[in-house]
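Let me begin by presenting the structure, written as C-alpha cells, before commenting on it.
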Amino acid sequence: MSSNLSHSSQTRKTVIETEHGVVAAQHRLAAIAGAEVLAAGGDAVDAAVATSFVIGVLEPWMSGPAGGGAMMLWRADEGQAHALNHGMRSPGALDPANYPLSGRGKAGDLFPWEHVEGDRNVQGATAIAVPGVVDGLGQAHERFGKMPWGELLSPAIDHARKGLLVDWYAALVIASCTRELAKDDDAAALFLEDGQWPTVSGWTALAEKRLDQSRMADSLDQIARHGARTLYDGDLGAAMAQDVQDKGGSLSREDLNAYRAKFHAPLDFAYRDARFHVVPGLTAGPTFRDTFASLETEALGNAPGPDSYAAMANALKGAYARRLGAMGDTGESPEAPGCTTHFSVVDRDGNMVAQTQTLLSIFGSRVVSPSTGFLMNNGIMWFDPVQGRP
C-alpha cells in the first residue's frame, strides 16, 4: 500500500527535571506563558489561566474566550479532585423548529447527526451557543489562584497586540476552511487575503505575515481589568450578543447574565491498581469510565498485543455508541463541553489542572464578533437535531 509517510522517521521526547512544575500544551508559546507563571510562584490554576488565554490567541481555530469546556483539578493539600464544568449552553430563545432536517442523510461534521437545512446547526450565527470558558477560568482562579487575574492575562494581550504569526501550519489550517470563513464578512476580514483568498505565510526568511488581532487584544484587556464576568454582565458581553443577533443568531445578554460554570464532585472509579477522577455529566467522563468497565472483563495480560488492542477498540466503540445514542440532557445538567484543545499543568506543590476547551468544530461557527474580535463557537452542533432523542 502506497503512503506519503516516512517508514524510517522516529519521534523521541526528552524528560526534563524542573523545580517549578510543568505545563504541557500543543503550542510552545502558550506552554511558556504558563511555565513563567509557575516560575514566579503561581499556582497550577494561575498557570492554566495564562495558558488558556494565550492558546486562544495563538490557536484561535481550536478554542478561545467564546468557547467552552471542562477542567479537572487536583489539590495536593486536600488530597482531593474537583471537576469544573464550563461547557456551552443553548441560548434561551433558540427554537428547534428553526433547524429542520434536510433529508440528505448524515452531516459531515464531528458527530453523525442528520443533516440540517443550510447547516444551520454547524455554520453561521444560528450555530452559536452561550460560551463558558471565561467564567470557568474566573471561578477556578477565584477559588484557588494566587496571582492577580490581570497579570495572568498580560501574555495573551501581548500576543494579540503583535498579531498571530501566519506560519506554515496556520496557513494550512486557514486554507482548509477558506470557503466557510469567506461566508462571514468579519471572519473573512480577519483570516483571509482580500476577504476571499487563503492567507499564505511568507516563504523567505524576511517575509512575515501576522493577523490583525488588535480588537481581540482590546477585549482581553477589558477582561483583564474588569474580571471574567465582564464578558457576561458587562458592555463587552452585551456587544458580543448584539453582534450575534445582528447576524441572525439567538445569543442574548440575558443568556450571558444567567451563565454560571459549576463545580461538581468528580466521577471517581478504580481500574486495576489505578484510580481515575473524571468530569461527570454530559462529557466524555462517563464514556471513559464505561470503556474501562468493559476492559475489566478482558484478560489483557501485561504486554500490549493484537488481542489487547482489539479489546480496547471494541470497548471504545461500545462506550461511544452508548454515549451518542443514550446520553443527553434529562434535566440534570444543561452543559455540554467539547474536547478540541487540551493542556495540563502541575505546580511545585503537586497541584494539577487538566483543561479541555473548544469552539467545537475547527474555527467554530466560522463567525467573528466584530465588536470583540472573538471567533465564536458552534456549540449548537453538539445537540442531536432529531427531535425526541436525548
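The values are calculated or read from the model by the stated rules, or taken from the named source; none is laboratory data. Not measured: the values here are computed from a predicted model. Counting neighbours? That spans all protein chains shown, and the Cβs are built from the backbone with ideal geometry, glycine included. When the accessible area is computed, the model is the full protein with side chains, heavy atoms only, and any ligands, DNA or RNA have been set aside. Shrake-Rupley method; radii C 1.70, N 1.55, O 1.52, S 1.80 Å.
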Legend entry - Filter result (in contact (Cβ under 8 Å) with a residue 60 or more places away in the chain and under 12 Å from residue 385 (Cβ atoms)) within segment 96-110: 96, 99, 101, 109
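Might you let me know whether segment 121-130 holds any residue that is under 23 Å from residue 282 (Cα atoms) and loosely packed, with under 13 Cβ neighbours inside 10 Å? Walk me through how you get there before you give the answer.
Quick first cut of segment 121-130, residues under 23 Å from residue 282 (Cα atoms) only: 121-123, 126-130.
Now restrict to residues that are loosely packed, with under 13 Cβ neighbours inside 10 Å: none.
Within segment 121-130, not a single residue is under 23 Å from residue 282 (Cα atoms) and loosely packed, with under 13 Cβ neighbours inside 10 Å.
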Inset, instruction - Would you please list the contacts, defined by Cβ atoms under 7 Å and residues six or more apart or on different chains, that run from a residue in segment 157-173 that is under 24 Å from residue 49 (Cα atoms) to a residue that is hydroxyl-bearing (Ser, Thr, Tyr) and assigned to a helix (DSSP H, G or I)? - result: 161/214
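So if I check each of 50, 97, 30, which one is surrounded by fewer than 20 Cβ atoms within 10 Å (Cβ to Cβ), part of a helix (DSSP H, G or I) and among the small types (Gly, Ala, Ser)?
Every option except 97 fails the conditions.
Out of contact with any helix residue (DSSP H, G or I) (no Cβ under 6 Å at 6 or more places or on another chain), open to solvent by less than 50 Å² (accessible area, probe 1.4 Å), farther than 19 Å from residue 57 by Cβ and of a type in the set (Asp, Glu), is that true of residue 194? Talk me through it step by step, then tell me what you get.
On the way: out of contact with any helix residue (DSSP H, G or I) (no Cβ under 6 Å at 6 or more places or on another chain): yes; open to solvent by less than 50 Å² (accessible area, probe 1.4 Å): no; farther than 19 Å from residue 57 by Cβ: yes; of a type in the set (Asp, Glu): yes.
It is false that residue 194 is out of contact with any helix residue (DSSP H, G or I) (no Cβ under 6 Å at 6 or more places or on another chain), open to solvent by less than 50 Å² (accessible area, probe 1.4 Å), farther than 19 Å from residue 57 by Cβ and of a type in the set (Asp, Glu).
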Inset, instruction - Could you figure out which of (1) in a helix (DSSP H, G or I); (2) more than 30 Å from residue 180 (Cα to Cα); (3) open to solvent by less than 20 Å² (accessible area, probe 1.4 Å) isn't true of residue 56? - result: (2)
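Yes/no per residue for (1) in a loop (DSSP other than H, G, I, E, B); (2) modelled with pLDDT of 95 or more:
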{"site": "126", "(1), (2)": "no, yes"}
{"site": "137", "(1), (2)": "no, yes"}
{"site": "141", "(1), (2)": "no, yes"}
{"site": "146", "(1), (2)": "yes, yes"}
{"site": "150", "(1), (2)": "no, yes"}
{"site": "156", "(1), (2)": "no, yes"}
{"site": "161", "(1), (2)": "no, yes"}
{"site": "171", "(1), (2)": "no, no"}
Inset, instruction - Considering only segment 18-72, state which residues are more than 17 Å from the chain's Cα centre (by Cα) and hydroxyl-bearing (Ser, Thr, Tyr). - result: 18
Legend entry - Pair list, Cβ < 7 Å and 6+ apart or interchain, from segment 23-47 residues that are at negative phi and at pLDDT 95 or above to residues that are loosely packed, with under 15 Cβ neighbours inside 10 Å and not small (Gly, Ala, Ser): 42/146; 43/146; 46/146
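Does segment 39-86 hold any residues that are of a type in the set (Val, Ile, Thr) and under 22 Å from residue 21 (Cβ atoms), and which are they? Break it down stepwise before answering.
Start the filter on segment 39-86 by keeping residues that are of a type in the set (Val, Ile, Thr), which leaves 45, 49, 51, 54-55, 57.
Within segment 39-86, 45, 49, 51, 54, 55 qualify.
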Legend entry - Index of the failed condition, residue 23 passing every other in (1) under 30 Å from residue 379 (Cα atoms); (2) out of contact with any Ser or Thr (no Cβ under 7 Å at 6 or more places or on another chain): (2)
Inset, instruction - From the list 346, 368, 353, pick out the single residue that is touching an Asp or Glu at 6+ places or on another chain (Cβ under 7 Å) and at pLDDT 85 or above. - result: 368
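Quick one: is residue 79 over 30 Å from residue 266 (Cα atoms) and free of Cβ contacts under 8 Å to residues at least 40 places away in the same chain?
Details: over 30 Å from residue 266 (Cα atoms): no; free of Cβ contacts under 8 Å to residues at least 40 places away in the same chain: yes.
No.
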Inset, instruction - Among the numbered conditions (1) open to solvent by 50 Å² or more (accessible area, probe 1.4 Å); (2) out of contact with any Phe, Trp or Tyr (no Cβ under 9 Å at 6 or more places or on another chain); (3) part of a helix (DSSP H, G or I), tell me where residue 183 comes up short. - result: (3)
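Out of curiosity, is residue 81 closer than 25 Å to residue 30 by Cα and outside any strand (DSSP E or B)? Please lay out each step first, then the result.
Working: closer than 25 Å to residue 30 by Cα: yes; outside any strand (DSSP E or B): no.
For residue 81, the condition - closer than 25 Å to residue 30 by Cα and outside any strand (DSSP E or B) - is not met.
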Inset, instruction - Would you check if residue 103 is outside any loop (DSSP other than H, G, I, E, B), at positive phi, loosely packed, with under 15 Cβ neighbours inside 10 Å and out of contact with any strand residue (DSSP E or B) (no Cβ under 7 Å at 6 or more places or on another chain)? - result: yes
